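The values are calculated or read from the model by the stated rules, or taken from the named source; none is laboratory data. The shown structure was predicted, so the numbers you read here are calculated from the model rather than taken from an experiment. Using ideal geometry, Cβ is built from the backbone for each residue, glycine included, and neighbour counts are taken over all protein chains shown.
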Ligand SMILES: Nc1ncnc2c1ncn2[C@@H]1O[C@H](COP(=O)(O)OP(=O)(O)OP(=O)(O)O)[C@@H](O)[C@H]1O
Ligand SMILES: O=P(O)(O)OC[C@H]1O[C@H](OP(=O)(O)OP(=O)(O)O)[C@H](O)[C@@H]1O
Ligand SMILES: [Mg+2]
């Protein structure tokens with residue numbers, strides 16, 4: 001039987017969330033971590049556990065059909081790889097940082113300076129776009145140490161909470177790109193694998209939507225139904241079911257998790273009682 005070959009990071013920041021998404025879409029993978037290749041038990045999927053930094057080449061060569069990978073790594077190592085879905089985790093930036101005490105008004109300030117980075121292509125593209133030339137010092141990790149030991153005037157590295165910069169007396173002065181985990185596709189993927197991938201993507205989309213929303217049930221006096229509907233329009237329109245208690249109804253709807261508490265406050269202010277909020281496992285729209 002034909003299978004879709006998908007790469008996920010073997011270990012590191014993307015691994016757990018990548019495996020969680022596969023679990024949430026109902027794909028059962030029997031502990032893959034120690035094996036470098038496993039098959040899903042209930043979906044035509046083969047999982048390759050690889051280094052994030054190596055995945056772009058596997059995609060280019062068609063060794064894997066698809067991958068869950070940090071978008072910044074694709075930007076660094078592969079131009080022609082299509083991203084079909086942003087996955088909403090491992091959000092970060094690739095930024096320029098300099099010592100806190102130094103001034104920075106634009107990238108022109110780094111003309112002729114030394115920049116330490118693990119992302120030389122990303123930096124070079126940015127420098128070229130701005131007609132600036134600088135010397136790159138390429139290192140694979142602990143980049144933030146470079147200015148403090150006299151290795152570089154500036155660094156370009158991943159910034160998320162900003163803690164690592166703070167601890168190393170650095171400040172972020174320019175953002176080269178924003179990144180998150182994505183589902184990327186090999187240009188060499190065949191049609192059979194494409195159709196498996198679209199089934200996988202459909203399931204992923206339904207899980208991502210469900211993560212954004214919550215299911216809410218509440219009781220309201222009938223005369224308040226209109227007001228509540230205005231607060232809770234739902235996916236199309238909310239479900240309303242009469243209660244045994246005369247003059248009252250139960251209303252069911254979906255609310256976005258970002259506006260969740262504001263909506264609950266409004267519902268209470270408009271007479272809603274017995275409000276229940278539940279997670280949604282899947283949203284098939
Ligand atoms: N501090 C962070 N916060 C959020 N996302 C991050 C952070 N650091 C890295 N990432 C994202 O997670 C990806 C994986 O990072 P991680 O440090 O686990 O591996 P890596 O060193 O890039 O790769 P490899 O698997 O090749 O060792 C990065 O490419 C980036 O997209
Ligand atoms: O803004 P922050 O939340 O502090 O995150 C940024 C740090 O996270 C990453 O390092 P990681 O911990 O992955 O170590 P690594 O360099 O060994 O990959 C990145 O290289 C930064 O150093
Ligand atoms: Mg890292």
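Of everything in region 1-33 that is away from ligand 1 (no atom under 14 Å from the Cβ) and out of contact with any strand residue (DSSP E or B) (no Cβ under 9 Å at 6 or more places or on another chain), the residue that is farthest from residue 83 (Cα to Cα) is 1.
Scanning region 125-141 for residues that are within 18 Å of residue 75 (Cα to Cα), within 16 Å of ligand 2 (Cβ to nearest atom) and part of a strand (DSSP E or B) turns up just one, 138.
Okay, residues lined up against (1) closer than 23 Å to residue 51 by Cα; (2) at pLDDT below 95; (3) within 27 Å of the chain's Cα centre (by Cα); (4) buried (at least 16 other Cβ atoms within 10 Å of the Cβ):
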position: 153; (1), (2), (3), (4): no, no, no, yes
position: 169; (1), (2), (3), (4): no, no, no, no
position: 189; (1), (2), (3), (4): yes, no, yes, yes
position: 214; (1), (2), (3), (4): no, yes, yes, yes
position: 220; (1), (2), (3), (4): no, yes, no, yes
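When you check residue 174 against the structure, is it surrounded by 13 or more Cβ atoms within 10 Å (Cβ to Cβ), under 14 Å from residue 93 (Cα atoms) and more than 14 Å from ligand 1 (Cβ to nearest atom), yes or no? Here the answer is yes, as residue 174 does meet what is asked. For region 152-162, a residue qualifies if it is closer than 20 Å to residue 76 by Cβ and either in a strand (DSSP E or B) or within 16 Å of ligand 3 (Cβ to nearest atom) (or both), and the qualifying residues are 154, 155, 156, 157, 158, 159, 160. Might you let me know whether region 246-258 holds any residue that is touching a residue at least 12 places away in the same chain (Cβ under 8 Å), out of contact with any strand residue (DSSP E or B) (no Cβ under 9 Å at 6 or more places or on another chain) and not assigned by TED's automatic domain parsing to the domain that holds residue 26? Yes, that holds for at least one residue. Residue 184 passes all but one of (1) part of a helix (DSSP H, G or I); (2) under 30 Å from residue 115 (Cβ atoms); which number fails? Result: residue 184 fails condition (1) only.
Just need a number here: residues in region 121-151 that are away from ligand 3 (no atom under 16 Å from the Cβ) and within 20 Å of residue 53 (Cβ to Cβ). Before the answer, list the steps.
Keep residues of region 121-151 that are away from ligand 3 (no atom under 16 Å from the Cβ), which gives 121, 123-137, 147-151.
With within 20 Å of residue 53 (Cβ to Cβ) added as a condition, the list becomes 121, 123-126, 136-137.
Count: 7.
Regarding region 118-133, can at least one residue be identified that is within 20 Å of residue 12 (Cα to Cα) and surrounded by 17 or more Cβ atoms within 10 Å (Cβ to Cβ)? Looking for residues that are within 20 Å of residue 12 (Cα to Cα) and surrounded by 17 or more Cβ atoms within 10 Å (Cβ to Cβ), one finds at least one in region 118-133, hence yes.
Inside region 16-35, residues that are without any contact (Cβ under 8 Å) to a residue 24 or more places away in the chain and within 16 Å of ligand 3 (Cβ to nearest atom) make up a count of 1. What about residue 165, is it within 16 Å of ligand 3 (Cβ to nearest atom), in contact with a strand residue (DSSP E or B) (Cβ under 9 Å, 6 or more places away or on another chain) and not assigned by TED's automatic domain parsing to the domain that holds residue 73? For residue 165, the condition - within 16 Å of ligand 3 (Cβ to nearest atom), in contact with a strand residue (DSSP E or B) (Cβ under 9 Å, 6 or more places away or on another chain) and not assigned by TED's automatic domain parsing to the domain that holds residue 73 - is met. Comparison of 90, 95 shows that the only residue that is in contact (Cβ under 8 Å) with a residue 40 or more places away in the chain, assigned to a loop (DSSP other than H, G, I, E, B) and within 16 Å of ligand 1 (Cβ to nearest atom) is 90.
Among the residues making up region 8-47, those that are assigned to a helix (DSSP H, G or I) and surrounded by 15 or more Cβ atoms within 10 Å (Cβ to Cβ) are 15, 17, 18, 19, 21, 22, 24.
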